[in-house]
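Take a look at the structure below.
The values are calculated or read from the model by the stated rules, or taken from the named source; none is laboratory data. What you are looking at is a predicted structure, and each value in this text was computed from that prediction instead of being measured. Because the Cβ atoms are built from the backbone with ideal geometry, glycine has one as well, and the counts that use them run over all protein chains shown.
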Amino acid sequence: MAAAARVEVRPASEKDRVPIAVMFAAVAEERDGIATEPPVDIDARAASWTLEGTLVAVGDGEVVGSVHVDVSRFGFGELGMAVLREWRGRGVGSALLAAAIEWSRGQGLHKLMLGVFPHNAAGIALYHKFGFVEEGLRVKQIRRQSGELWDVVEMGLLL
C-alpha cells in the first residue's frame with residue numbers, strides 16, 4: 001500500500017475552476033471510473049462547474065481530486081468524486097470523503113447518496129469504509145460511447 005499523500009482538502013474557489021476541469025478530463029480519459037467520457041471541453045466544464053458544495057484535494061500545489069455534493073431540496077446530497085490515477089491509494093479519496101461528510105452534516109443533510117460502477121472495487125471498498133451501504137442496482141443505466149450499457153450500484157449513508 002502506498003504511503004499516505006500530503007494533501008490539503010479545502011472548499012473550491014473560482015481559481016480552481018480550470019484545474020478541476022483538467023483533473024476531471026484526465027479521469028474521463030480512463031473511460032472506466034466516471035460516466036463522462038472524452039473529449040471534455042475544459043473551458044465549458046470549468047465555466048459550468050458548481051463551486052458550492054465542491055471540495056478539492058491539493059497535492060504538490062495541484063488539484064489532484066475533487067468531491068461535489070449536489071444538495072437536494074429534500075435534505076439529501078448526491079455525491080460525485082474524482083481523483084487522479086497517480087494519487088489513488090494514498091488517502092486522497094478518504095480525505096475528500098471525510099470532508100464531504102463533515103460538510104454535509106454542517107449543511108443539515110440527513111443522507112448522502114452516490115452511484116458507482118460495479119467494477120470499481122476500490123471505490124466501493126472506500127464507500128463501505130465510511131459506512132455507505134448498497135441500496136440498489138440500476139441495470140444498464142449508463143450508455144457508453146461504445147454503445148455498451150453499464151450498471152450502476154446505488155449507495156447511501158445516513159448522516
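In table form, for the structure just shown:
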{"item": "Qualifying residue in the stretch 39-57 (condition: in contact with a Leu (Cβ under 8 Å, 6 or more places away or on another chain) and either in contact (Cβ under 8 Å) with a residue 60 or more places away in the chain or hydroxyl-bearing (Ser, Thr, Tyr) (or both))", "result": "no"}
{"item": "The stretch 62-84, residues that are among the β-branched types (Val, Ile, Thr) and out of contact with any Ser or Thr (no Cβ under 6 Å at 6 or more places or on another chain)", "result": "Val63, Val64, Val67, Val71, Val83"}
{"item": "Of all residues in the stretch 35-61 being more than 20 Å from Arg105 (Cβ to Cβ) and of a type in the set (D, E, K, R), the one that is surrounded by the most Cβ atoms within 10 Å (Cβ to Cβ)", "result": "Arg45"}
{"item": "Any hit, the stretch 62-71, residues being more than 10 Å from Val7 (Cβ to Cβ), surrounded by fewer than 14 Cβ atoms within 10 Å (Cβ to Cβ), without any contact (Cβ under 8 Å) to a residue 40 or more places away in the chain and not aliphatic (A, V, I, L, M)", "result": "no"}
{"item": "Residues being modelled with pLDDT under 95 and out of contact with any helix residue (DSSP H, G or I) (no Cβ under 8 Å at 6 or more places or on another chain) - total across the stretch 5-31", "result": "1"}
